[in-house]
């Protein structure tokens with residue numbers, strides 16, 4: 001596949017929307033210079049046991065009206081053991097953008113880590129400890145101040161996506177996970193000059209009319225390829241830190257030539273769309289758009305979008321105060337979804353069973369699909385559930401509360417906590433944001449059959465100076481071994 005580095009999209013024309021919502025607009029388908037740290041893998045430096053069983057900080061189930069239910073004493077506990085510093089050789093003074101272990105068989109035993117200034121680090125998990133397979137610089141030089149990478153998607157062995165965001169750096173990187181070696185092997189679609197114009201009377205989150213004027217697309221938070229299109233979210237945070245209406249932008253995508261054409265968009269039902277999640281149904285693929293709302297805002301929602309027609313079929317509204325995060329985890333059968341809160345220690349549950357009946361609808365109210373969730377507890381002053389993952393059997397849900405720097409193991413069958421794992425902070429101070437568990441990923445396959453060793457990997461960021469095994473390397477990959485999956 002031919003790729004051009006820093007390919008500037010020629011599709012940066014202003015997009016004019018004739019109404020507050022466009023059904024099927026533009027849809028082509030139909031449904032009928034930093035140095036690198038050493039590359040050797042770190043040796044696990046310490047091991048601590050996680051708390052097991054139901055504790056005062058354990059998860060309890062609450063109903064769709066948000067009322068906390070009775071605390072159930074778990075009959076099953078999970079023994080969880082944390083081993084820190086399984087891999088430490090990241091670039092100095094970089095932050096984590098995203099971390100993925102893909103399920104594609106062609107990428108077995110591979111993990112992908114994106115650092116915020118543009119390095120994709122591919123790790124080999126086949127040995128006793130993670131080791132560097134290769135480091136891929138996505139750009140010829142580290143991204144400048146004010147621009148950073150964002151979400152990573154590995155959709156197949158041949159298709160990977162990384163978003164970039166910041167003034168002059170709004171875009172999407174497309175690469176081949178199997179073969180990419182450096183900047184000449186990737187395509188960057190630059191959307192920095194793209195604008196959107198809403199009808200007069202369209203309001204931002206402060207109630208100001210921002211219609212009838214060309215507004216720059218900003219904060220490219222996530223991207224997926226679905227329905228033959230490259231879809232991306234634009235949260236549209238402006239220079240005054242106000243949120244203009246959010247948008248899902250779509251271009252027809254040719255994977256053979258890595259080119260885009262066309263261009264259309266829809267307005268999201270709430271402000272600040274930050275994530276796109278593909279869901280397979282018996283009638284075809286749908287995309288969930290997570291609208292987190294302004295940070296600290298009261299609600300949030302999920303839009304259900306048909307990617308082929310770029311139609312917003314319906315919206316799952318959240319109860320007041322939910323403030324969901326972007327990270328959505330969907331069960332293998334596509335019937336359940338889970339996501340956390342960015343302002344409270346809560347994990348929410350969505351019923352996606354029969355979601356294919358949404359095809360043909362327009363702006364339907366799907367809020368009944370919100371089914372409550374779990375209150376995690378904890379003692380931190382603020383909470384941010386930054387990451388979720390499902391165990392191999394899907395009986396257990398793993399939830400990371402960033403500000404708590406803790407991993408919760410939720411027994412979905414019993415509806416309670418099975419374990420709480422701490423120790424990621426090391427010698428740092430959680431209140432100073434040192435040693436925060438950030439992202440949890442489950443290794444694909446059946447533990448003990450398809451692989452040996454730990455099944456959970458947690459990226460810990462913001463390590464205190466005393467806890468940095470390599471000078472100025474502020475993050476480490478930790479592992480968690482559990483006895484039940």
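The values are calculated or read from the model by the stated rules, or taken from the named source; none is laboratory data. Because the structure is a prediction, the values reported are computed rather than measured. Please note: Cβ atoms are built from the backbone with ideal geometry, for glycine as well, and neighbour counts cover all protein chains shown.
Can you list the strands (runs of 3 or more DSSP E) found entirely within segment 372-485 that contain at least 2 residues being over 26 Å from residue 103 (Cα atoms) and either in contact with a strand residue (DSSP E or B) (Cβ under 9 Å, 6 or more places away or on another chain) or at pLDDT 95 or above (or both)? Full working, then the answer.
On the way: elements: 385-390, 396-401, 406-411, 416-421, 436-442, 456-461, 476-482.
Once the strands (runs of 3 or more DSSP E) in segment 372-485 are filtered for at least 2 residues that are over 26 Å from residue 103 (Cα atoms) and either in contact with a strand residue (DSSP E or B) (Cβ under 9 Å, 6 or more places away or on another chain) or at pLDDT 95 or above (or both), what remains is 416-421.
If you filter segment 270-312 down to residues that are surrounded by fewer than 23 Cβ atoms within 10 Å (Cβ to Cβ) and touching a helix residue (DSSP H, G or I) at 6+ places or on another chain (Cβ under 7 Å), you find that the one that is nearest to residue 205 (Cα to Cα) is 279.
Identify the residue in segment 313-339 that is in contact with a helix residue (DSSP H, G or I) (Cβ under 9 Å, 6 or more places away or on another chain) and under 19 Å from residue 266 (Cβ atoms) and, among all such residues, is surrounded by the most Cβ atoms within 10 Å (Cβ to Cβ). For segment 313-339, the residue satisfying everything is 316.
Okay, residues lined up against (1) at pLDDT below 95; (2) out of contact with any strand residue (DSSP E or B) (no Cβ under 6 Å at 6 or more places or on another chain):
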{"position": "167", "(1), (2)": "yes, yes"}
{"position": "173", "(1), (2)": "no, no"}
{"position": "178", "(1), (2)": "no, yes"}
{"position": "186", "(1), (2)": "no, no"}
{"position": "189", "(1), (2)": "no, no"}
{"position": "196", "(1), (2)": "yes, no"}
{"position": "205", "(1), (2)": "yes, no"}
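What are the residues in segment 340-366 that are surrounded by fewer than 21 Cβ atoms within 10 Å (Cβ to Cβ) and touching a helix residue (DSSP H, G or I) at 6+ places or on another chain (Cβ under 8 Å), if any? Once the filter is applied, which keeps residues that are surrounded by fewer than 21 Cβ atoms within 10 Å (Cβ to Cβ) and touching a helix residue (DSSP H, G or I) at 6+ places or on another chain (Cβ under 8 Å), segment 340-366 yields 351, 364. Taken together, the residues in segment 236-258 that are surrounded by fewer than 20 Cβ atoms within 10 Å (Cβ to Cβ) and either in contact with a helix residue (DSSP H, G or I) (Cβ under 6 Å, 6 or more places away or on another chain) or modelled with pLDDT of 95 or more (or both) amount to 2. The strands (runs of 3 or more DSSP E) found entirely in segment 158-235 that carry 1 or more residues being touching a helix residue (DSSP H, G or I) at 6+ places or on another chain (Cβ under 7 Å) are 171-175.
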